[in-house]
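See structure below.
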Amino acid sequence: MPRFLPLTTAVAASVQDGMTVAMEGFTHLIPFAAGHEIIRQGRRDLTLMRMTPDLIYDQLIGMGCVRKLIFSWGGNPGVGSLHRLRDAVEHGWPRPIELEEHSHAAMANAYHAGAAGLPCAIFKGYYGSDLVGNNPNIRFVTCPFSGEPLAAVPALRPDLAIVHAQRADHEGNVLIEGIVGVQKEVVLAARQALVTVEEVVDDLSAPSPNSCILPHWTVTTIAVVPGGAYPSYAHGYYGRDNAFYTAWDSISRERAPFQAWMEQHVLGAAPS
Amino acid sequence: MSYTTQEMMAIAAARVLTNEDVCFVGIGAPSQACNLARLTHAPGITLIYESGTIGTKPDLLPLSIGDPELCTRARCTVSVPEMFQYWLQGGRISVGFLGGAQLDKFANINSSVVGSYARPKVRLPGGGGAPEIAAHCRQTYVVMAQSRRSFVDRVDFVTSFGYGEGGDHRERIGLRSLGPTLVITDLCMMRPDPTSRELSVVALHPGVTREQVQAHTGWAVRFAPDLTTTEPPTEHELIVLRDLLARTAQAHGSASA
């Protein structure tokens, strides 16, 4: 059974400097509150993986927490660039960042392989793409049956997965609804999993026998954090704050306004 | 009714879609075109977003690829690994839409870097789903506003493979899909030559000249012998598109939480 801890304690017990951490959520259920707590606790030298780094990794990168990023699409969805990611890549500010770049198909397959206990993912991909020569973790194997060349990437096995979810029951089973993304795969691929939830309930009220549920023994730690995915969203609880995503473009474009915003809204904010 | 070149581009892209198409939709211009098609002549079209939504019928355009609107208005929502494995790689998509920062005369697309990869002048968002969309959809359509900066002789970096260096390059690397069969811009429509696979202009949008297209293209652009003119937008197309964009702007302008 997972341990139930307040967010501050949960992050302190789960995240150490130098770890490989995946905070996932495909636009939906992004664990912003947990990411902010990592920033407040001043973690350093993290290797972060995430298909779409989104605002949460832009913030962690801009605050100097990140040594390396494994990703497949690094923009502000529908808005433009992630300016703090760009500043780190283009100018090494606040510190240089190492990139390992994939396609979405590769990362989705690599989480799937991690969850399935495979050493690598094999798929049909990367045809003619220059990503191939620039990322040594993209290789090709020959199908032993058909002779067809297939792309291969190492399975993603983070030290820690952090995801947000709608709710857990008292036993620690977790229900995920809506755009489920890679939430199940990343939790099963990781050595440990920290899940933040909107609420803990007596009965999960899973809407279908096929609902997406993380059974309690797959989760290490649960923290109850209502609103923990904001400004992304929790299907059935609150919507995505698209106006904030748009506003982030000007907040994050220059270093000083970014730092002022982080000072006021994250460093100076009481943990949830 | 008067209209902008951006509206012409969205409407021209919508018109090539049919009720039978199963489209892998990207955010921005593709999402506009696909939903305009659905709200006008192709109500039966199936729209798939890479966040996992299948049979998506959004009332307004999503800002992100995974807005709540998509999931609540989809026939079903699958996981992202399933989306890329069964639906895209499995060959169940007829049309994929692509765009990018740069496109070259063989319809290769760069959405990764301007300058060198190791020390980029501009770090762009990257490929996301595009490298495999370019490979596995039966065909792809590119929707991009045209300029000398974006329509270049050779892309700095091939994120998504079009026709490579031309000719049978696609077939030689094992691709069975048709590739980028159509490029829709704010000025014209281009198709690859059947043999060389170099893009040539097949239709000019109303009022656009050959000289204008050349001035906005970074290579010596070819024109098809049977060059045609795109039909101007109808009043109905413009009204539906503008309503859709107005609903969208209103919804995204205010916090939804």
With +1 at each Lys and Arg Cβ and -1 at each Asp and Glu Cβ, the charge dipole magnitude of the protein assembly as shown around its Cα centre, to the nearest 20 debye, comes out at 840
Enumerate the residues in the range B:7-37 having an amide nitrogen under 13 Å from the point lying 7 Å beyond the Cα of B:T181 toward its Cβ. B:16-18, B:20-22
Between the modelled labels at B:T72 and B:S2 (7 Å from Cα along Cα→Cβ) the distance in nm is 3.8
For A:M23, which sequence-distant residues (separation of 5 or more, or a different chain) have an amide H within less than 5 Å of its own amide H, given hydrogens modelled in the peptide plane? A:M49, A:I162
Using alpha carbons only, how many angstrom separate the centre of the range B:129-151 from the centre of the range A:195-272? 33
Compute the Cα gyration tensor for the range B:1-152, then decide on rounded, prolate or oblate, letting a ≥ b ≥ c be the square roots of its eigenvalues: rounded whenever a/c is under 1.5, prolate when a/b is larger than b/c in the other cases, and oblate in all that remain. oblate
Lys and Arg at +1, Asp and Glu at -1: neighbours of B:A203 with Cβ under 10 Å from its Cβ sum to -1
Applied in sequence order to the range A:250-266, the curve 6.51 cos²θ - 1.76 cosθ + 1.60 (Karplus, θ = phi - 60°) yields integer Hz couplings, x standing for Gly and Pro, of 7, 4, 9, 5, 10, 5, 5, x, 4, 4, 5, 5, 5, 4, 6, 9, 10
Enter the mean number of other protein chain beta carbons within 10 Å of the beta carbon of each residue in A:24-30, as an integer. 5
Averaged over peptide A:129-142, how many Cβ atoms belonging to another chain are found within 10 Å of each residue's Cβ? 3
Run the numbers on the range B:141-257 and let me know its relative contact order in percent, using alpha-carbon pairs under 8 Å that are six or more apart. 24
Cβ charges +1 (Lys, Arg) and -1 (Asp, Glu), total dipole of chain B, debye: 440
How far apart, in nanometres, would the label points at B:T229 and B:S196 be if each is projected 7 angstrom from Cα along the Cα-to-Cβ direction? 2.7
Here the range A:82-93 yields Karplus 3J(HN,Hα) values (6.51, -1.76, 1.60; θ = phi - 60°; whole Hz; Gly and Pro given as x) of 9, 5, 6, 5, 4, 4, 5, 6, 7, 10, x, 10
Förster radius 30 Å - calculated FRET efficiency between B:R247 and B:Q139, Cβ distance, rounded to 0.05: 0.50
Buried accessible area between B and A (1.4 Å probe, both chains summed, ligands and nucleic acids excluded), in Å² to the nearest 100? 3900
Have a look at A:V66, A:V141, A:V224 and tell me which one the Gaussian network model of chain A (Cα, springs below 10 Å) gives the largest fluctuation. A:V141
Need the C-alpha centroid separation for the range B:33-47 versus the range A:60-129, integer Å. 33
For the range A:136-141, what does the Karplus curve 6.51 cos²θ - 1.76 cosθ + 1.60, with θ = phi - 60°, yield as ³J(HN,Hα) per residue in whole Hz, taken in order and with x for Gly and Pro? x, 7, 9, 9, 10, 10
Max mean-square fluctuation residue, GNM over chain B, Cα-Cα springs under 10 Å, options B:G66, B:G96, B:G162: B:G66
I need to check one value: relative contact order of chain B, counting alpha carbon pairs closer than 8 Å and at least 6 residues apart, in percent. 18
Filter the GluC sites (Glu not before Pro) in the range A:80-179 down to the DSSP loop ones having no more than 15 other Cβ atoms within 10 Å, then list what survives. A:E171
In nanometres, the difference between 0.36 nm per residue of separation and the alpha-carbon distance of A:C120 and A:S211 is 30.0 nm
Taking R0 as 60 Å, what FRET efficiency do you get between B:N19 and A:K68 from their Cβ-Cβ distance, rounded to the nearest 0.05? 0.80
Quick one: among A:T220, A:T27, A:T246, which has the greatest mean-square fluctuation in a GNM of chain A with alpha-carbon springs under 10 angstrom? A:T246
Near A:A190, within a Cβ-to-Cβ distance under 9 Å, what is the net charge of the other residues, with Lys and Arg +1 and Asp and Glu -1? +1
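How large is the helix-only mean residue ellipticity at 222 nm for chain A, computed as the sum of -39500 (n - 2.57) over DSSP H runs with n ≥ 4, divided by its residue count, in deg cm²/dmol to the nearest 500?
Value at 222 nm, helices only, nearest 500: -8000 deg cm²/dmol.
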Dipole check, chain B, charges on Cβ (K,R +1; D,E -1), about Cα centroid: among B:F24, B:G129, B:T228 the Cα furthest to the positive pole belongs to B:G129
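Sequence gap at least 6, Cα distance under 8 Å: using those rules, report the relative contact order of chain A to the nearest whole percent.
Details: 599 pairs, mean separation 65.8, N = 272.
After rounding, I find 24 percent.
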Please report the accessible area of B:H41 (heavy atoms, 1.4 Å probe, ligands and nucleic acids excluded) in Å², nearest 10. 90
Once you average over the residues of A:231-242, how many Cβ atoms of partner chains fall within 10 Å of each Cβ? 5
Can you pull out the GluC sites (Glu not before Pro) in the range A:193-265 that DSSP calls coil and that have at most 15 other Cβ atoms within 10 Å? A:E254
How long is the gain from A:D203 to A:F4 if the chain were fully straight, where each residue apart is worth 0.36 nm and the alpha carbon distance is subtracted? 70.0 nm
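The values are calculated or read from the model by the stated rules, or taken from the named source; none is laboratory data. These numbers were taken from a predicted model, which means no experiment stands behind them. Cβ coordinates were reconstructed from backbone atoms using ideal geometry, including for glycine residues, and neighbour counts include every protein chain displayed. To get the accessible areas, we keep the full protein, side chains included, count just its heavy atoms, and leave off ligands, DNA and RNA. Shrake-Rupley method; radii C 1.70, N 1.55, O 1.52, S 1.80 Å.
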